[in-house]
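Worksheet: the structure to be examined is printed underneath.
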Amino acid sequence: MQNAYEYWESHFKTAETDPCYTSPEHATCLERFQKDYLHERSRILDLACGSGRNARYLAQQGGDVYGVDFTRAAITACVRSFQNQSLKGAFIQAGIDAIPFCNDHFDAAICVAALDHVTVDCAQKALFEMRRVTTGKGMILLTFDHPQTDDDKLEQAEVLQDGTLLFVRGEYQGMLFRRYQDSEIVQLVGKEDVISFEYGKKGSRIIVCR
Ligand SMILES: C[S@@+](CC[C@H](N)C(=O)[O-])C[C@H]1O[C@@H](n2cnc3c(N)ncnc32)[C@H](O)[C@@H]1O
C-alpha cells in the first residue's frame, strides 16, 4: 500500500502540468491576512505549500516567500512556476514537523489545508515549529477543510488511534485526513492563541492565531 508521501508525490506529479490555481475561498482569506497582518516585504513561510498556489499569491503581492513541503514533485512545481513567472521565492523539501529554519526567521506563517492531512501528534509538532520560526509578533494562518469532506469515501479508510482517517484503498490510498470538529481545532491551537475563527464558503475553517 502506498504511504502519505507516495500519495502526495503522485498527486503533484500530475498537478505539475496543471496551471496552478488559487481558489477564490483561499484568495480571499490570504488577501485579508495580508491586509491585516503583513507589511510590504514580510518574510512568510508557506508550510506544506503544495504546488504553490498560496505562495504565488503572496509573492505576487510583494511578500518574501519561503515554501516547505515534504513532496519533491510539489517543490519542483513551485520552483518551476516561480521561475516561469519571474517571482522571488525559495522552496525546501522537509517535513511539516521539522521546519529547517532558525528561530524567529519569519514575520508570519501560513499552513493551508494541511494540518488536517497529518496525524494529531504531527499537527501539534507542526504548530510548535511554526511558532518557533515566527517572531513573537508573527501571526499564523491555518485552514482546515470541512469535517465532512469526502464522507462518501469513508469505507475506503481505516481510523487510526487518534481519529485520523488513513485511506487504505481507492484514489486517496495513503492519504491521511483528520476530520477536526471546531472545538478540536480550538483545543489543538489553544483557545488563548486564537485571534479569529471563521468559515469559508465551502465550510472550511479559517483560523488566525499566534
Ligand atoms: C491539501 S494539500 C495543500 C497544499 C497547499 N497548502 C495548498 O493549499 O494548495 C496538503 C499538502 O500537505 C503536504 N504534506 C502532507 N504531509 C506532510 C508532511 N508530513 N510534511 C510536509 N508536508 C506534508 C502535501 O505534500 C501537500 O502538499
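Can we say Thr119 is modelled with pLDDT of 95 or more and in contact with a His (Cβ under 9 Å, 6 or more places away or on another chain)? If you could, list the steps in order and put the result at the bottom.
Working: modelled with pLDDT of 95 or more: yes; in contact with a His (Cβ under 9 Å, 6 or more places away or on another chain): no.
For Thr119, the condition - modelled with pLDDT of 95 or more and in contact with a His (Cβ under 9 Å, 6 or more places away or on another chain) - is not met.
Would you confirm, using the coordinates I've provided, whether Gly136 is within 24 Å of Tyr37 (Cβ to Cβ), of a type in the set (Gly, Ala, Ser), away from the ligand (no atom under 11 Å from the Cβ) and at pLDDT below 95?
Answer is yes for this residue.
Mind telling me which of the residues Ile195, Ile99, Ile140, Ile110 ends up being β-branched (Val, Ile, Thr), buried (at least 17 other Cβ atoms within 10 Å of the Cβ) and either in contact with a Gly (Cβ under 9 Å, 6 or more places away or on another chain) or more than 25 Å from Ser10 (Cβ to Cβ) (or both)?
Only one candidate qualifies: Ile140.
Among the residues of segment 3-18, are any within 10 Å of the ligand (Cβ to nearest atom) and of a type in the set (A, V, I, L, M)?
yes
Looking at Ala113, Ala55, Ala98 in this structure, which one is at pLDDT 95 or above and on the phi > 0 side of the Ramachandran plot?
None of the other options fit; the residue is Ala113.
Which condition from (1) surrounded by fewer than 21 Cβ atoms within 10 Å (Cβ to Cβ); (2) closer than 30 Å to Ala157 by Cα; (3) out of contact with any Lys or Arg (no Cβ under 9 Å at 6 or more places or on another chain) is the one that Val68 breaks?
So Val68 meets the others, but not (1).
Scanning segment 139-154 for residues that are touching a Ser or Thr at 6+ places or on another chain (Cβ under 9 Å) and more than 12 Å from the ligand (Cβ to nearest atom), which turns out nearest to Ala55 (Cα to Cα)?
It comes out as Ile140.
The values are calculated or read from the model by the stated rules, or taken from the named source; none is laboratory data. In this text the structure is predicted, and so the values were computed from the model without any measurement. Heads up, the Cβs are rebuilt from the backbone with ideal geometry, glycines too, and the neighbour counts pull from every protein chain shown.
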